[in-house]
Amino acid sequence: GGLAPAATVDLDRDQVLGVLEAVWRRGDSALEKSLYGHAAAVTAKYCGGGVYYRGLVEFSNICQNDCSYCGIRNNQKDVYRYTMTEEEVVEVAKWALENGIRNIMLQSGELHTEQRLEYLERIVRAIRKETVELDLARRAVAACGDGSLAAPSADAAIKNPEAEDELGVAVSLSVGELPYEHYERLFKAGARRYLIRIETSNPDLYAALHPPPLSWSHRVDCLRALKKIGYMLGTGVMVGLPGQTLRDLAGDVVFFKQERADMIGMGPFITQDGTPATRVWTDLYPAVDKNAHMKSMFELTTAMNALVRITMGNVNISATTAMQAIIPTGREIALERGANVVMPILTPTKYRESYQLYEGKPCITDTAVQCRRCLDMRLASVGKASAAGVWGDPASYLHP
Ligand code: SAM
């Protein structure tokens with residue numbers, strides 16, 4: 001009570017926990033209504049009605065790690081392993097630009113070789129160079145009419161990224177825990193955003209799901225390194241991990257703020273055959289009605305989004321693919337409860353079935369064209385539109 005309608009609110013862990021408990025129990029529809037209403041008001045204040053697209057390119061499923069929940073972990077059987085060629089990745093980026101998607105996220109399993117690093121450096125440089133050139137060519141054509149505008153050269157734009165005036169396609173990376181120097185080299189190559197979920201802010205739960213040499217403290221070091229180098233930092237968690245508590249989730253909301261994340265992506269944990277976490281989950285919850293359970297996890301995830309929006313204000317929050325896996329209109333619902341980013345999958349269709357992180361991952365047989373069109377329609381269904389043509393930096397990054 002007494003709050004300005006779109007004010008951010010500083011909630012401590014116990015207060016966040018109180019809200020999550022109420023959502024978990026359901027039945028307090030007045031609380032849910034004001035939670036989501038407030039989140040929508042804060043979203044409108046910082047993001048307007050525009051939704052940012054991030055084109056997701058899952059360029060390789062080769063992974064040296066063995067995260068116990070993941071369908072492309074190193075020890076997962078019967079997975080055809082692929083890596084897209086550099087040309088294929090750059091082509092997707094150019095297609096994205098032509099289709100009004102100015103931000104692409106290159107995601108893969110983890111591989112810490114020099115060869116992989118150089119592959120990524122070449123791709124990031126090529127995407128920046130070629131999409132900036134495409135953009136400049138378009139501007140030159142547009143300016144031809146009145147002859148008044150001399151287009152700046154692509155070289156000048158690339159050499160001075162601060163003044164690049166949102167030219168070309170911005171490159172985000174989601175390729176895991178790399179050595180500090182690798183992060184630096186990829187930043188120099190032109191990547192500006194990095195997504196690395198902490199997965200859970202509870203170190204013990206993290207340890208239960210990630211066999212050594214993976215460790216929670218190293219993952220936190222990576223988050224901080226990325227921030228220090230100057231990346232926009234994206235992080236997030238899964239909701240409903242086996243053994244996770246509401247108190248853990250409340251801690252996650254506080255963690256994002258403490259680490260000054262610029263982007264948050266959360267999704268429900270979804271089972272996948274052949275993974276250790278799924279066996280643990282099935283043993284822990286033998287009698288659970290899975291459909292009802294997943295719906296509850298969906299509700300909790302949207303409540304988490306709303307709480308992050310209310311506590312952090314001007315960050316980017318994505319309506320993740322895993323939300324759509326549970327409810328077909330899941331992402332649209334998330335956009336009405338605090339999220340402002342969606343990630344159309346642009347991975348070439350022939351690779352999609354090999355990037356099966358969890359059961360029921362949507363859009364496996366679709367093309368990028370279909371995904372883009374489908375999303376436009378979905379946004380319209382909740383009165384939103386893509387903020388096409390802009391990079392969509394979160395205000396938290398532009399005005400720290
Ligand atoms: N390897 C990189 C990393 O660890 O950051 C990026 C790729 S990883 C496959 C991307 C995300 O997929 C993870 O951060 C994790 O949260 C999510 N994921 C993996 N398995 C999942 C599952 N069974 N259910 C829901 N999300 C899952």
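If you average the alpha carbon positions of region 205-250 and of region 297-365, how far apart do those two centres end up, in angstrom?
Between the Cα centre of region 205-250 and that of region 297-365, the gap is 18 Å.
Output the antiparallel fraction of DSSP beta bridges having both residues in region 13-384, as a percent to the nearest 5. Could the numbers behind the result be given before it?
Numbers: 1 of 30 bridges.
Rounded to the nearest five, the antiparallel share is 5 percent.
Under 5 Å between amide hydrogens, which residues at least 5 positions from VAL239 or on another chain qualify, with H placed 1.01 Å from N in the peptide plane?
Correct list: GLY267, PHE269.
Given a cut-off of 17 Å, what percent of all Cα-Cα pairs of region 211-266 lie beyond it?
Values: 669 of 1540 pairs.
Roughly 43 percent, rounded to a whole number.
For ASP204 and GLU181, FRET efficiency with R0 = 30 Å and r from the beta-carbon atoms, rounded to 0.05?
For GLU181 and ASP204, the calculated efficiency is 0.45.
For region 13-384, take the alpha-carbon Rg, divide it by the Kirkwood Rh, and send me Rg/Rh.
On the way: Rg = 20.6 Å, Rh = 21.3 Å.
Ratio value, two decimals: 0.96.
Take peptides 312-322, 228-238 and line them up by average Cβ neighbours within 10 Å, highest first, as a rough protection proxy.
Peptide ranking by packing, descending: 312-322, 228-238.
Listed here are the pairs LYS33/LYS384; LYS188/LYS361; LYS228/LYS257; LYS290/LYS350; LYS33/LYS295; which of them are more than 27 Å apart at the Cα? Could you put the intermediate results ahead of the total?
On the way: LYS33/LYS384 20 Å; LYS188/LYS361 34 Å; LYS228/LYS257 16 Å; LYS290/LYS350 30 Å; LYS33/LYS295 18 Å.
Listed pairs above 27 Å: LYS188/LYS361; LYS290/LYS350.
Can you figure out the FRET efficiency of ARG122 with ARG224, using R₀ = 30 Å and their beta-carbon distance, to the nearest 0.05? Mind dumping the intermediate values first?
Numbers: r = 27 Å, r/R0 = 0.91.
Plugging the Cβ-Cβ distance into 1/(1 + (r/R0)^6) gives 0.65.
Beta carbons within 10 angstrom, averaged per residue: use that to sort the peptides 199-207, 83-91, 187-195, highest first.
On the way: 199-207: 18.6, 83-91: 16.8, 187-195: 21.6.
By packing density, highest mean first, the sequence is 187-195, 199-207, 83-91.
State the extension gain, in nm to one decimal, for the chain segment bounded by ASN291 and ARG138, taking 0.36 nm per residue of separation less the distance between their alpha-carbons.
Computed gain between ASN291 and ARG138 is 50.2 nm.
How do THR301, THR275 line up, fewest other C-beta atoms within 10 Å first?
Working: THR301 28, THR275 21.
So the ranking, lowest neighbour count to highest, is THR275, THR301.
Give the cysteines in the chain for which no other Cys Cβ lies under 4.7 Å away, or write none if there are none.
CYS47, CYS63, CYS144, CYS222, CYS363, CYS371, CYS374
Pull out the extension gain between ARG25 and THR349, defined as 0.36 nm times the separation in residues minus the alpha carbon to alpha carbon distance; nm, one decimal.
112.6 nm is the gain from fully extending ARG25 to THR349.
Roughly what would the spin-label model give for GLU114 and CYS374, points 7 Å off Cα along C-beta, in nm?
4.2
Over region 36-115, what portion of Cα pair distances is larger than 16 Å, expressed as a whole percent?
Numbers: 2064 of 3160 pairs.
Distances greater than 16 Å cover 65 percent of the Cα pairs.
Could you list VAL19, VAL239 in order of exposure, starting from the residue whose Cβ has the fewest other Cβ atoms within 10 Å? If you can, show how the numbers build up before the last one.
On the way: VAL19 22, VAL239 27.
So the ranking, lowest neighbour count to highest, is VAL19, VAL239.
Throughout, read-outs are computed from the coordinates displayed, never taken from laboratory work. Source: prediction; values computed, not measured. A quick note on method: Cβ atoms are made from the backbone with ideal geometry, for glycine too, and the neighbour counts reach across all protein chains shown.
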